[in-house]
Amino acid sequence: MSAGPPAGGFVVVDASLWVARLVSVDAFHGASKRWMDTQASRQVTLLCPALLLAETAGAISRRTGDSGLALQAVRVLQELPGLRLVEMERDLMNLAAQLAAQLGLRGADACYVALAARLGLPFLTLDQDQRQRSAGVVTMLDINTQ
């Protein structure tokens with residue numbers, strides 16, 4: 001696996017990492033918190049498609065049964081200074097569709113991979129299927145590598 005992003009750099013992060021960070025009972029909660037804290041201290045900006053908000057809200061609501069908690073998580077994400085949400089314009093969506101077809105990725109997963117590929121940035125996900133399918137297209141980071 002590669003080293004983490006350079007100080008002051010950028011990395012694309014999948015919703016799986018945010019859900020793990022925001023749900024304290026998630027198996028990856030501690031690891032995701034440590035990784036994100038390290039990136040924040042290094043002033044690394046985390047990029048995600050704007051789809052992150054709906055994806056995270058849905059995952060937290062399904063996992064906890066608490067829609068209020070899910071909406072609170074969305075507010076937290078919207079206010080984080082180290083997170084930049086990227087609108088998925090037509091060309092980026094076309095790339096996501098192409099990657100979904102070529103790699104057999106789920107639609108939402110393809111949006112994250114397309115963003116990382118388009119910007120030439122490293123990508124971190126906890127989703128092993130997404131990780132394996134997209135490894136040849138983008139540089140994958142490991143949550144255990146700071």
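The HN-Hα couplings worked out from phi for segment 22-35 by the Karplus form 6.51 cos²θ - 1.76 cosθ + 1.60 (θ = phi - 60°) are 8, 10, 5, 8, 5, 4, 9, 4, x, 5, 5, 5, 4, 5 Hz, whole numbers, x standing for Gly and Pro.
Under the combined filter of DSSP loop state and at most 12 neighbouring Cβ atoms within 10 Å, segment 4-46 retains none of its chymotrypsin sites (Phe, Trp or Tyr not before Pro). Of the trypsin sites (Lys or Arg not before Pro) in segment 22-97, the ones in a loop by DSSP (not H, G, I, E or B) with at most 15 other beta carbons within 10 Å are R42. Remark: relative contact order (segment 51-100) = 27 percent; criterion is Cα-Cα distance under 8 angstrom and separation of 6 or more residues. Here's how it looks for L121: its modeled amide H is under 5 Å from none belonging to a residue 5 or more places away or on a different chain. Shape class for segment 10-134, computed from the alpha carbon gyration tensor (a ≥ b ≥ c): prolate, with a/c not under 1.5 and a/b above b/c.
Each stretch of four or more DSSP H residues adds -39500 (n - 2.57); spread over every residue of the chain, this sum gives -17000 deg cm²/dmol at 222 nm. Scattering from segment 71-124 was approximated by placing one identical point on each alpha carbon and applying the Debye formula without solvent; log10 I(q)/I(0) at 0.13, 0.17, 0.27, 0.30 1/Å stands at -0.38, -0.60, -1.02, -1.11. Modelled label positions at V137 and Q98, each set 7 Å beyond Cα in the direction of Cβ, lie 1.0 nm from each other. For segment 56-125, GluC sites (Glu not before Pro) meeting the loop criterion (DSSP other than H, G, I, E, B) and having at most 13 other Cβ atoms within 10 Å: E87, E89. Considering only alpha-carbon pairs that sit under 8 angstrom and 6 or more positions apart, the relative contact order computed for the chain is 34 percent.
A short reminder: the numbers here are calculations on the coordinates, not readings from a lab. Given the structure is predicted, the values throughout are model-derived calculations rather than measurements. Methodologically, a virtual Cβ is constructed for each residue, glycine included, from the backbone with ideal geometry; neighbour enumeration extends over all protein chains shown.
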